[in-house]
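First up is the structure itself, then whatever we jot down about it.
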Amino acid sequence: MFVREDSIKISTVHEGSGGDVTLNDALRPHLSSELSLELAEYSRKGTVMLTFGGGRPVVMIVAGVHGNEIPPQVAAVRLSEQLLSMDIRGTVHVIPFAAPWATMKNSRWFTGHDLNRSASIRGSVTNSIFRRACEMGVDALADFHSTAPGSKPGVEGVFCSEEPEHESMEIARYITSRTSSKLLCYEKASSHYRGALEDECNLAGIPSVTCEVLSENGVVREGSDGRSLLQMRLFLKYMGILS
């Protein structure tokens, strides 16, 4: 772990997933600040996590589980830049590029696998993120994605489940009631498929949601990064991190 002079802690969650994210044409224009360029450099080696603040509550924000979903990755970088000057209550862990290699390649896949179906498989990137969240006693986690028109879900929305962590639905309701995002709720976590980071966390007792914004794959639709950033900030407000 590396600690900057401004007290940001930078650590590696998973090695072997690294790539040069500045090679992604859609992402590169959004990597101009000192922090974003430093993050890009660290990401050459693997999955990097930034840590802001201290104490409870402890939350984790994840983006880039699918490397070709660019808006939430831009939003996570912007959020990290904003957290530098924010008065926050608690601890915020941010993973802007879950799989930098996939982001570099503008690919949904990493080593032939969909990482949002792999969080239950030991050794996968998302399983490493899941285990780190458990080890740190994270109080809640939000995973941010974008969805292309005509795909599933194909609308801006927030996925959640009623069981076993009812707070998953409460977080989703808070975000959707303050945005145009649609509530996308399952009765039970992992009832439709296994391996989503959100579901694995809910099954382990960490209230979690998956937030989607609308944008074509591999690009940043105008305003989509701002929509994703709004979802992130509302998640932090629900958790009492931001006033």
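Quick one: how many lysine pairs does the chain have with C-alpha atoms less than 24 Å apart and a gap of 8 or more or different chains? Give me the count, please.
7
Would you kindly work out the equivalent ellipsoid of the chain from its C-alpha gyration tensor and give its semi-axes, the square roots of five times the eigenvalues, largest first in whole Å? Don't skip to the answer; put the middle values down first.
Numbers: eigenvalues 105, 82, 66 Å².
Equivalent ellipsoid semi-axes, largest first: 23, 20, 18 Å.
Does the range 73-140 classify as rounded, prolate or oblate by the C-alpha gyration tensor (a ≥ b ≥ c root eigenvalues; a/c under 1.5 gives rounded; else a/b over b/c gives prolate, otherwise oblate)? Display every interim value, and only then the final one.
Numbers: a/c = 3.71, a/b = 1.38, b/c = 2.68.
The shape class here is oblate.
Under a GNM of the chain (C-alpha, springs under 10 Å), which listed residue has the highest mean-square fluctuation: Gly157, Gly19, Gly137?
So, out of Gly157, Gly19, Gly137, the one fluctuating most is Gly137.
Send over the semi-axes of the range 189-243's equivalent ellipsoid, whole angstrom and largest first, taken as the square roots of 5 times the C-alpha gyration tensor eigenvalues. Intermediate results must be reported in sequence, preceding the final value.
Numbers: eigenvalues 112, 72, 7 Å².
Equivalent ellipsoid semi-axes, largest first: 24, 19, 6 Å.
What's the Cα-based Rg to Rh of the range 115-243, Rh via Kirkwood? Before the final figure, lay out the partial values.
Numbers: Rg = 14.0 Å, Rh = 14.7 Å.
Ratio of gyration radius to Kirkwood radius for the range 115-243: 0.95.
Arrange the peptides 193-202, 8-17, 47-56 so that the one whose residues have, on average, the most other Cβ atoms within 10 Å appears first. Could you put the intermediate results ahead of the total?
Working: 193-202: 23.8, 8-17: 17.6, 47-56: 19.9.
Put in order of decreasing packing, that is 193-202, 47-56, 8-17.
Got the relative contact order for the range 63-203 handy, in percent, Cα pairs under 8 Å and 6 or more residues apart? Mind dumping the intermediate values first?
Details: 217 pairs, mean separation 34.7, N = 141.
Reported relative contact order: 25 percent.
Enumerate the residues in the range 104-139 having an amide nitrogen under 18 Å from the point lying 7 Å beyond the Cα of Lys45 toward its Cβ.
So the set is 129.
Hydropathy at least -1.0 by Kyte-Doolittle, axial extent at least 18 angstrom from the Cα trace: which helices of the chain, defined as entire DSSP H runs, fit?
Details: long enough: 70-83 (20 Å, 0.36); 224-238 (21 Å, -0.22).
Flagged H segments are 70-83, 224-238.
Using just the helices of the chain, give the 222 nm mean residue ellipticity in deg cm²/dmol: DSSP H runs with n ≥ 4 each add -39,500 (n - 2.57), and the total is spread over all residues, rounded to 500. Kindly include the intermediate steps, with their values, before the conclusion.
On the way: 7 runs with 73 residues, N = 243.
It lands at -9000 deg cm²/dmol.
None of the figures in this text is laboratory data; all of them are computed from the coordinates on show. These figures come from a predicted structure and were not determined experimentally. As a convention, Cβ positions derive from the backbone with ideal geometry for all residues, glycine included, and neighbour counts pool all protein chains shown.
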